[in-house]
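Heads up: the structure comes next, in structure tokens.
The values are calculated or read from the model by the stated rules, or taken from the named source; none is laboratory data. Just so it is clear, the structure is predicted and the values come from calculations on it, not from any experiment. All Cβ positions, even for glycine, are placed from backbone atoms using ideal geometry, and neighbour counts span all protein chains on display. Side chains are part of the model used for accessible areas, which takes the heavy atoms of the whole protein and leaves out ligands, DNA and RNA. Shrake-Rupley method; radii C 1.70, N 1.55, O 1.52, S 1.80 Å.
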Amino acid sequence: MTAERPGETKAPVLCAGIAVQDIVLRVPRFPPPGGKVMADGFFIVNGGCAVNAAIAVARLGGDARYAGPLGDENDTVSNQIIAGMQREGIDITAVVRVRGAKAPVSGIMIDAAGERMIATYRDRSIEAARHPDPAAIVANVAVLLADNRFPDFVRPICEAARRRGLRVVLDADRPTQLNDPLFGIATHVVFSAECLRETTGCDDLEAGLKRVMPVTRAFLAVSNGAEDVLYLQQGEIRRMPVFALKVVDTLAAGDVFHAGFALALAEGRDELAALRFGAAAAGLKCTRLGGSDGAPRRAEVEALLARSQARS
């Protein structure tokens with residue numbers, strides 16, 4: 001199920017994986033070990049790779065759906081996360097409530113350059129959750145976007161999607177092993193630079209991408225902040241420049257990138273066009289404070305792409 005033309009029909013994208021509540025402090029600089037710093041402000045926002053992506057998909061004009069484990073009905077933070085997704089128009093029927101559990105929470109500092117430091121609390125019982133019917137939740141979607149923070153939760157969903165012949169985009173955010181089964185299941189794997197380096201042991205991202213090639217037939221790419229996006233095409237490394245914009249806050253930028261990429265694939269764009277759409281969305285997100293609250297609207301992304309094309 002894909003749109004005939006981008007924006008004409010809402011393409012359904014299921015985002016599966018972690019949900020977190022982010023408690024964010026703005027600081028002029030990061031404190032030294034054992035030191036203190038006075039914050040300039042703070043905010044609380046929905047976070048986690050899959051939730052950030054679902055918010056971005058919704059704002060970019062897709063039919064956003066979320067599947068992931070959260071605490072039970074007595075957990076205030078889980079209820080706040082769900083309410084936030086509902087306000088964005090995200091379908092949350094595939095949420096799994098875990099009895100006695102609490103939602104993950106992250107404490108985040110963002111400095112004056114927009115860089116971040118993160119500490120996360122996660123209830124281990126959340127990690128044991130499974131969706132009872134993976135086949136049902138992928139029955140009417142165009143693309144599955146899964147992060148690898150809860151690999152045992154997302155793997156059956158990824159397998160169900162592949163049995164239906166769907167494209168499965170893996171947000172490789174958590175460092176793992178080269179024999180990770182998710183690499184073999186996914187049709188598209190887009191790494192963060194940190195994950196690719198730690199997973200492959202290669203500081204050089206080009207070498208890292210090539211090291212992953214033998215373990216998967218998936219399309220492979222890696223994002224690296226303000227540096228070029230690297231991707232493999234017929235075994236050769238290609239580069240796609242990102243957009244030079246003023247950075248205010250990089251929190252959730254990678255997740256917005258994955259969301260834009262997955263939605264563009266769902267709407268029928270090829271991989272290069274999808275990477276560019278994702279990069280434009282992520283670039284705009286970086287120009288505004290607020291983590292996932294800074295995810296852009298579709299018209300903004302299309303305008304940035306049009307301006308860039310006009311200059312080239």
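Here are the numbers:
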read-out: Among (1) more than 16 Å from residue 221 (Cα to Cα); (2) assigned to a helix (DSSP H, G or I) - the single one residue 282 does not satisfy; value: (1)
read-out: Test: residue in segment 247-269 that is buried (at least 21 other Cβ atoms within 10 Å of the Cβ), closer than 19 Å to residue 112 by Cβ and in contact with a Cys (Cβ under 6 Å, 6 or more places away or on another chain); value: yes
read-out: Pick from segment 106-117, criterion among the aliphatic types (A, V, I, L, M) and surrounded by 18 or more Cβ atoms within 10 Å (Cβ to Cβ), ranking: modelled with the lowest pLDDT; value: 110
read-out: Qualifying positions in segment 121-138 - open to solvent by less than 40 Å² (accessible area, probe 1.4 Å), at pLDDT 95 or above and either farther than 21 Å from residue 181 by Cβ or not aliphatic (A, V, I, L, M) (or both); value: 131, 134
read-out: Criterion violated by residue 61 - all others in (1) assigned to a loop (DSSP other than H, G, I, E, B); (2) surrounded by fewer than 20 Cβ atoms within 10 Å (Cβ to Cβ); (3) modelled with pLDDT of 95 or more satisfied; value: (2)
read-out: Failed item, numbered, when residue 55 is tested on (1) under 28 Å from residue 112 (Cα atoms); (2) part of a helix (DSSP H, G or I); (3) open to solvent by 10 Å² or more (accessible area, probe 1.4 Å); value: (3)
read-out: Residues within segment 95-114 that are among the aliphatic types (A, V, I, L, M), within 17 Å of residue 68 (Cβ to Cβ) and outside any loop (DSSP other than H, G, I, E, B), tallied; value: 4
read-out: Residue among 252, 303 that is out of contact with any helix residue (DSSP H, G or I) (no Cβ under 6 Å at 6 or more places or on another chain), farther than 19 Å from residue 183 by Cα and not acidic (Asp, Glu); value: 303
read-out: For residue 230: the one exception among (1) at pLDDT below 95; (2) on the phi < 0 side of the Ramachandran plot; (3) not acidic (Asp, Glu); value: (1)
read-out: Any pair with Cβ under 6 angstrom, 6 or more apart, that starts in segment 232-246 at a residue that is open to solvent by 100 Å² or more (accessible area, probe 1.4 Å) and ends at one that is hydroxyl-bearing (Ser, Thr, Tyr); value: 246/287
read-out: Scope segment 284-310; condition in contact with a strand residue (DSSP E or B) (Cβ under 8 Å, 6 or more places away or on another chain) and of a type outside the set (D, E, K, R); matching residues; value: 289, 290, 291, 292
read-out: Strands (runs of 3 or more DSSP E) contained in segment 134-215 and holding at least 3 residues out of contact with any Ser or Thr (no Cβ under 9 Å at 6 or more places or on another chain); value: 143-147
read-out: Members of segment 76-94 found to be not in a loop (DSSP other than H, G, I, E, B) and not small (Gly, Ala, Ser), listed by number; value: 76, 77, 79, 80, 81, 82, 85, 86, 87, 91, 92, 93
read-out: Flag for residue 153 being surrounded by 17 or more Cβ atoms within 10 Å (Cβ to Cβ), over 27 Å from residue 288 (Cα atoms) and in contact with a helix residue (DSSP H, G or I) (Cβ under 9 Å, 6 or more places away or on another chain); value: yes
